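This report concerns only the one structure given below.
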Amino acid sequence: MIRTEGVTDVTEETFEAEVVRSALPVLVKFTADWCGPCRQLAPVLREIAHEEADRIRVVQLDVDREPGITLRYGVLATPTLMVFRAGEPVKSIVGARPKRRLLKELEDVLAPAGRNRP
């Protein structure tokens, strides 16, 4: 899987701890090594993970290595960005976007600024 600084890789074994039980909203990038738009999105998510660390966690999941989670949440395309709050998916975005547009689309799910990180 493409490694992105500041973005945690999650698996079937770590999904519950990293995503479902997170105190902050979690942006999950469903990705694959062969996905060009996923590579384009990597620097955008690295910046968001760094700049918005007190409001949202950013993780990624390889759809080829973790088909169970991919099927459970109905992911049919990569990249799919799914935001989880309190363990439940609350928003899904398909496709790569520039940082400004993605942040605009995430405004309604970001935690209030200044909230402590878990």
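The values are calculated or read from the model by the stated rules, or taken from the named source; none is laboratory data. Because the structure is a prediction, the values reported are computed rather than measured. When we count neighbours, we look across all protein chains shown, and the Cβ atoms used for this are built from the backbone with ideal geometry, even at glycine. In case anyone asks, the SASA skips ligands and DNA or RNA and just uses the protein heavy atoms, side chains included. Shrake-Rupley method; radii C 1.70, N 1.55, O 1.52, S 1.80 Å.
Here are the numbers:
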| read-out | value |
| --- | --- |
| Per-region count, the stretch 1-27, residues more than 13 Å from the chain's Cα centre (by Cα) and crowded, with 19+ Cβ neighbours inside 10 Å | 0 |
| Filtered residues of the stretch 1-22 (kept if assigned to a loop (DSSP other than H, G, I, E, B), in contact (Cβ under 8 Å) with a residue 40 or more places away in the chain and within 15 Å of Gly68 (Cβ to Cβ)) | Val10, Thr11, Glu12 |
| Residue that is on the phi < 0 side of the Ramachandran plot, open to solvent by less than 10 Å² (accessible area, probe 1.4 Å) and either modelled with pLDDT of 95 or more or outside any strand (DSSP E or B) (or both), where the choices are Val58, Val90, Val75 | Val58 |
| Evaluation of Gly36 against (1) without any contact (Cβ under 8 Å) to a residue 12 or more places away in the chain; (2) under 21 Å from Thr4 (Cα atoms); (3) open to solvent by 70 Å² or more (accessible area, probe 1.4 Å) (one fails), failing number | (3) |
| Close pairs from the stretch 66-80: first closer than 17 Å to Leu41 by Cα, partner open to solvent by 50 Å² or more (accessible area, probe 1.4 Å) and in a helix (DSSP H, G or I), Cβ under 9 Å, at least 6 apart | Thr78/Pro37; Pro79/Pro37; Pro79/Gln40 |
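Yes/no matrix, rows are residues, columns are (1) surrounded by fewer than 12 Cβ atoms within 10 Å (Cβ to Cβ); (2) under 22 Å from Thr11 (Cβ atoms); (3) not small (Gly, Ala, Ser):
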{"position": "Ala42", "(1), (2), (3)": "no, yes, no"}
{"position": "Glu51", "(1), (2), (3)": "no, no, yes"}
{"position": "Gly68", "(1), (2), (3)": "yes, yes, no"}
{"position": "Val83", "(1), (2), (3)": "no, yes, yes"}
{"position": "Pro98", "(1), (2), (3)": "yes, no, yes"}
{"position": "Val109", "(1), (2), (3)": "no, no, yes"}
{"position": "Pro112", "(1), (2), (3)": "yes, no, yes"}
